[in-house]
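What follows draws every value from the coordinates through simple rules; no lab data is involved. Bear in mind the structure is a predicted one, so any value in this text is a computation, not a measurement. Heads up, the Cβs are rebuilt from the backbone with ideal geometry, glycines too, and the neighbour counts pull from every protein chain shown.
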Amino acid sequence: MDRFPVFLDLHNRPCLVVGGGKVAERKVDSLLNAGAALTLVSPEITAEMDIIISGQNVQHHARLFTDNDINGQFLVVAATNNPGVNAHIASLADARNVPVNVVNDASVGSFIIPSVVDRSPVTIAISTGGASPVLARQLRMRLETMISPQCGELAGITEEYRDIVKKRLPEAQRKTFWEQALKGTFAELVYAGHEDDARRLLDEMLAAYPNGKTMGEVYLVGAGPGDPDLLTFKALRLMQQADVMVYDRLVSKSILDMANQRAERIYVGKEKANHAVPQDKINDLLVELAKQGKRVLRLKGGDPFIFGRGGEEIETLAENGVPFQVVPGITAASGCSSYAGIPLTHRDYAQSCTFATGHLKDGTIDLNWAQLSQPNQTVVFYMGLTGIEVISQKLQAFGRSGDTPAALIEQGTTRNQRVHIGTVATLPQLVKDSGVRAPTLTIVGEVVNLHDKLHWYEPQRHVIASEFSRNPPVEA
Ligand code: SAH
């Protein structure tokens, strides 16, 4: 190991920063965050530095560095723009065995300041030993996305319970207890901001440990329209830790591949005419799995609260006292419109946008056609394929011009995406001619004309197999 990492307690310890420019700003800021009693030596300081130090525990000496400045310091940072001065400060500090950092030059001085992911009290420091500060920053960004912002709170509550757990459980069981708690519902409750529920759960777990079962949790997660890059960080995290996954046919294969490979998988996909698993059975299944103490991932295409029956599923959970979380996903309208280069609103063409279903529970389409046929708006039809004839006729009958541009976006955001452009009048013929299959989204409105100019996503359609589990020409 080239460098030995340590985490210093700087509270009220005297630290010296020499230099008042841009590079010094960041160091001063982080030293102050760590509670240091700072001396800043620099004839001039930036306006930003002035803001950083105002009202803080800082003595600013507006002059050049003198050798005596090092006296009594616990830590020194040389951050002037003069390499000669920095080297001089470093050698003075070294001679007195005071740790010294020279900014932007790891070859001089005795320590380097790492890139930090701060979830205090959890702190992750990354160093490449000065070889590549950019790489260190990139690694830090990756960790930032992977570690919940509430990780610090999690550590805090864990600390609260350390002694309680110590008293309650013999040493041999403690580690397993914490391992289970920290990768399970307890941690998720803290991440979701339910700290009191998390404490209650920990109490229950302690009372029941090691034999009793505690209640699991259901994560109702939107998986987005298909492209795995459109998943949220939270969706990915929950996908990777669930014990069981309940999913249907609108979740793309590439996304399923990213879930915990050891999780049990239950397919409840349904097709319009052939309900594989009726909705109330799915609702009951989720309750039953959670009662077995499992972390249940209910993965839905797009957003669970947009034509996703997410509301119905969590109603049953709420009635049965099963804890749940809802994670929004990018809905098909957002995903498909972006990837087809069709903005849903535009100051010149559409001042509002409506999401409508092209398929109702009883098979009819009973929509407010007068409202949907108004000009200057975009109408997005989900599940519109089988009803396309009715949609086309009704819009025209209620006054929307047959020439209004319309688009069919098939398997939007996936490598199989196809966009078919027509008009309100030609939509039924377009469906026949293009052989388009579900899932397909229909966008109606003048904004569709922008596709010609704004389309940018052109995947090579070498992936012939559908991204979706089955792909009949009926609606998902
Ligand atoms: N909850 C989902 C919608 C479920 S309804 C969401 O928020 O997106 C199912 C309908 O969504 C399909 O019939 C289709 O119209 C649309 N859809 C979902 N994913 C799609 C995709 N990748 N491409 C095109 N349409 C899609």
Exercise. Okay, helix-only estimate at 222 nm for the chain: each DSSP H run of n ≥ 4 adds -39500 (n - 2.57), divide by all residues, round to 500 deg cm²/dmol; what do you get?
Worked result: -10500 deg cm²/dmol
Exercise. Contour minus end-to-end for Arg262 and Asp67, with contour as 0.36 nm per residue of separation and end-to-end as the Cα-Cα distance?
Worked result: 64.0 nm
For this session: Can you tell me the FRET efficiency between Asp229 and Asn320 if r is taken as the Cβ-Cβ distance and R0 is 35 Å, rounded to the nearest 0.05?
Result: 0.50
Problem set entry | Low-density loop cleavage sites - trypsin sites (Lys or Arg not before Pro) in the stretch 74-137, where at most 16 other Cβ are within 10 Å (DSSP) | Arg96
Problem set entry | Within the stretch 109-123, backbone nitrogen closer than 16 Å to the virtual label 7 Å beyond the Cα of Val23 toward Cβ | 109-115
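Kindly flag which residue pairs out of Lys175/Lys253; Lys166/Lys300; Lys253/Lys294; Lys281/Lys394 have an alpha-carbon separation exceeding 31 Å in this structure.
Lys175/Lys253; Lys166/Lys300; Lys281/Lys394
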For this session: Give the span of the chain's Cα atoms along each principal axis, as three whole-Å numbers ordered largest to smallest.
Result: 88, 61, 41
Problem set entry | Inter-probe distance in nm under a simple model that places probes 7 Å from Cα toward Cβ, at Phe7 and Ser352 | 5.4 nm
Problem set entry | For the stretch 246-400: relative contact order, % (alpha-carbon pairs under 8 angstrom, 6 or more apart) | 16 percent
Exercise. Ranked highest first by the average count of other Cβ atoms within 10 Å around their residues, in what order do 121-129, 171-179, 216-224 fall?
Worked result: 216-224, 121-129, 171-179
For this session: Please provide three numbers in whole Å: the alpha-carbon extents of the stretch 215-330 along the principal axes, with the largest listed first.
Result: 34, 34, 23
Exercise. So how do Lys166, Lys253 line up by other beta-carbon neighbours within 10 Å, fewest first?
Worked result: Lys166, Lys253
Exercise. Given a Förster radius of 56 Å and the C-beta distance between Asn97 and Arg415 as r, what FRET efficiency does 1/(1 + (r/R0)^6) yield to the nearest 0.05?
Worked result: 0.40
Problem set entry | Zone of Tyr457's modelled label, taken as backbone nitrogen in the stretch 392-420 under 12 Å from a point 7 Å along Cα→Cβ | 409-419
For this session: Could you run the Karplus curve 6.51 cos²θ - 1.76 cosθ + 1.60 with θ = phi - 60° over the stretch 304-310 and give me ³J(HN,Hα) per residue in whole Hz, x for Gly and Pro?
Result: x, 9, 10, 6, x, 6, x
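Would you mind classifying the stretch 148-214 by shape? Square roots of the alpha carbon gyration tensor eigenvalues, ordered a ≥ b ≥ c; an a/c under 1.5 is rounded, otherwise it is prolate if a/b is larger than b/c and oblate if not. Show your work: numbers first, answer last.
On the way: a/c = 1.89, a/b = 1.53, b/c = 1.24.
Since a/c reaches 1.5 and a/b is larger than b/c, the shape of the stretch 148-214 is classed as prolate.
Sort Cys151, Cys336, Cys15 so the one with the fewest other Cβ atoms within 10 Å of its own Cβ comes first.
Ranking Cys151, Cys336, Cys15 by Cβ neighbours within 10 Å, fewest first, gives Cys151, Cys15, Cys336.
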Exercise. With θ set to phi - 60° and the Karplus curve 6.51 cos²θ - 1.76 cosθ + 1.60, what are the ³J(HN,Hα) couplings of the stretch 156-169 in order, to the nearest whole Hz, using x for Gly and Pro?
Worked result: x, 5, 4, 5, 3, 8, 4, 5, 4, 5, 4, 5, 7, 10
Problem set entry | Rounded Å value of the spacing that divides the Cα centres of the stretch 94-155 and the stretch 7-47 | 16 Å
Exercise. Can you list the HN-Hα couplings for the stretch 96-111, worked out from phi with the Karplus curve (6.51, -1.76, 1.60; θ = phi - 60°), rounded to whole Hz and with x for Gly and Pro?
Worked result: 9, 6, 9, x, 9, 10, 10, 5, 6, 8, 6, 6, 10, x, 9, 9
